[in-house]
1. Which ones in region 471-518 are acidic (Asp, Glu), assigned to a helix (DSSP H, G or I) and surrounded by fewer than 15 Cβ atoms within 10 Å (Cβ to Cβ)?
2. Kindly evaluate Tyr385 against the criterion of being open to solvent by 30 Å² or more (accessible area, probe 1.4 Å) and hydroxyl-bearing (Ser, Thr, Tyr).
3. Please give the number of the condition Glu468 fails out of (1) in a loop (DSSP other than H, G, I, E, B); (2) within 28 Å of Leu422 (Cα to Cα); (3) open to solvent by 20 Å² or more (accessible area, probe 1.4 Å).
4. Looking at the structure I just gave you, is Phe121 in contact (Cβ under 8 Å) with a residue 60 or more places away in the chain, crowded, with 16+ Cβ neighbours inside 10 Å and touching a Phe, Trp or Tyr at 6+ places or on another chain (Cβ under 9 Å)?
5. Just checking, how many residues over region 578-592 are assigned to a loop (DSSP other than H, G, I, E, B) and buried (at least 23 other Cβ atoms within 10 Å of the Cβ)?
6. Of all residues in region 205-261, which are closer than 16 Å to Asn339 by Cα and open to solvent by less than 40 Å² (accessible area, probe 1.4 Å)?
7. Based on what the data block shows, is Arg575 under 43 Å from the mean Cα position of the chain (by Cα), of a type outside the set (S, T, N, Q), surrounded by fewer than 15 Cβ atoms within 10 Å (Cβ to Cβ) and over 19 Å from Asp394 (Cα atoms)?
8. Could you look through region 343-371, keep only residues that are open to solvent by 40 Å² or more (accessible area, probe 1.4 Å) and in a helix (DSSP H, G or I), and pick out the one that is modelled with the highest pLDDT?
Amino acid sequence: MSVQSNARMNRPHRGPGHGPGSMANVEKPKDLKGTLLKLLAFMGRYKALLFVVLFFAVLSTVFNIVGPKVLSLATTELFNGIMAKIQGTGGIDFWVIQKILMATMGLYVISAACSFVQSWFMSSIAQNTAYELRRQIDLKFDRLAMGYFERTSTGDVLSRITNDVDTLGQSLNQGITQLITSVTTLIGVLVMMLSISWKLTLVTLVILPVSLVLLRFVVKHSQRYFKQQQEMLGAINGQIEETFAGHVVVKSFNQEDAAKESFGESNDKLYESAWKSQFISGLMMPIMNLVSNAGYAAVAILGSMMAVSGAITVGDIQAFIQYVKNFTQPIQQLTQVANVLQSMAAAAERVFEFLDEEEVEDWEAKAQAAILQGEVEFKHVRFGYDPEVPVIKDFNAKVKKGQTVAIVGPTGAGKTTLVKLLMRFYEVDGGAITIDGYDIREFDRKDLRSIIGMVLQDTWLFNGTIRENIRYGKLDATDEQVEDAAKAAFAHGFIMTLPEGYDTVINEDATNISQGQRQLLTIARAVLANRQMLVLDEATSSVDTRTEQRIQDAMDNLMAGRTSFVIAHRLSTIRNADLILVMDNGDIVEQGTHEELLQLGGSYAQLYNCQFEE
């Protein structure tokens, strides 16, 4: 597994989502017809296989339906032989009965073989569809705007990739095959029943509306509790995930009892809705058995009267009773298919919603980022996450090649937002950002980001070795280069104190090393990447003062000759910056060097004196 895929798999979960255990089969789609049509269009590439599935499913059902009729000939022959023997006019022709039974067995064997073939192909279609959806979802990640991930919980996104795609694959496999066989069985059995006796068929059809009414009643009432079960299951998944992820905070504030109480309440509600939904839906089988047995009794009574009068043979009565059973079974299956199709449509709708999300658009690339030197200019930049509420109103600044620019200001001033715009995580609403005179929108996003290295306050490490985490900055780096980068970031010392050194595996939450050590590793990753430009967002916020100074020395060497943007609250780290931009409410209120701003006695001087006045 590559480092990238491993990293993606081990991103931390946030938000409740649906979770692996969600009962998505009870969630109703907003647009059943539209979603099913979209799914069929998506599966258009498997037209030939779908036709094969349809052909063999129908063939299997037809052979299965004909079986009772052929078997009835053996029953009639046996009955006639017994009667002839009693009357002394003949006996039982076992050879004829044997041929009939062999023919019946042959029909059922062929039916089973056809069923095996259609199941094989349907499973292939279902899993190929799920595979293709997962592949497209993975590709979609790289084309989505950053805003989507900031407004959507990680749990919900993961649920679409795992739970919804799995539900779709399983529902496809079950639903389509069952739909074909149920409809074919219903039509075929009705034809066979009519061919035996229209009177007995009429009796059976009279019972049909009763079963439909009862089934509708059961489905209607169970659906409400299934929906509640789905909601509470999602709530419990969210509670467990949040409590597990924040177990240190829970224990620190002695909130274990509150967490248990909250979980207990949700668990009670889940229990209540689950047993009601299961109990009511469990009534479906007894109801169908009752209706089916009533049909048997009616057919047996009327059939015996007709047999006495010679209007029907004993074998036909036996076949008809089998058909009555086969007639009620597909009705029940179609009810289940409705739920399966609803489940499939709901899952498909959520997947297609993700695939239909708005993608970021690139202008036509007019230059290669590799040629850039790093002269950056912000020209009347305006931006807001909500266009009606601008975060950056009219930002203007010019940064020369190789300069270190520090951006300071109170929380919410727009410092990090400015960096996101430079990285094209978002597009400006107005104005432009240029590098060497080129509008950054004229570069391919990946090409632009390939020249910018980042170290963020929120350290991100994946489940893998320390060596792999550092190498994430340059995947083809040698072990020696990885260790040199660690030394430059002052991480080599603590790494060598670990039991396995550079081969020490960082766990999923990176809790087996300290926050400061995690910060050092991300800095080593940036050193190894060796990009033309640097963005440091509170890069030393989680280390002690002595380590901070050592890292600062390393950063000074790293930033030499590179255009660097440093976001900092700890103003001691930016005193050597070539230019300090003081931001407030999305605008630059002051700019200059450390000494110039202190002499000015404005906002920067107040911020600096607040930190060092003691």
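The values are calculated or read from the model by the stated rules, or taken from the named source; none is laboratory data. Only a predicted model underlies this, so the values are computations on that prediction, with no experimental measurement involved. Reconstructed Cβ throughout: ideal geometry from the backbone, glycine too, with neighbour counts over all protein chains shown. When the accessible area is computed, the model is the full protein with side chains, heavy atoms only, and any ligands, DNA or RNA have been set aside. Shrake-Rupley method; radii C 1.70, N 1.55, O 1.52, S 1.80 Å.
1. Looking only at region 471-518, we keep the residues that are acidic (Asp, Glu), and these are 476, 479-480, 483-484, 500, 503, 508-509.
Imposing the further condition that a residue be assigned to a helix (DSSP H, G or I) reduces the set to 479-480, 483-484, 503.
Within region 471-518, Asp479, Glu480, Asp503 meet the criteria.
2. The answer is yes for Tyr385.
3. That leaves (1) as the condition not met.
4. yes
5. Filtering region 578-592 for residues assigned to a loop (DSSP other than H, G, I, E, B) gives 578, 585-586.
Those still in the list that are buried (at least 23 other Cβ atoms within 10 Å of the Cβ) too: none.
Residues that pass the stated criteria total 0.
6. Leu215, Val218, Val219, Ser222, Gln223, Tyr225, Phe226, Gln229, Gln230
7. no
8. If we filter region 343-371 for residues that are open to solvent by 40 Å² or more (accessible area, probe 1.4 Å), which is where we start, we get 353, 356-366, 368, 370-371.
Now restrict to residues that are in a helix (DSSP H, G or I): 353, 370-371.
Details: Glu353: 85, Ala370: 65, Ile371: 70.
The extreme case among them is Glu353.
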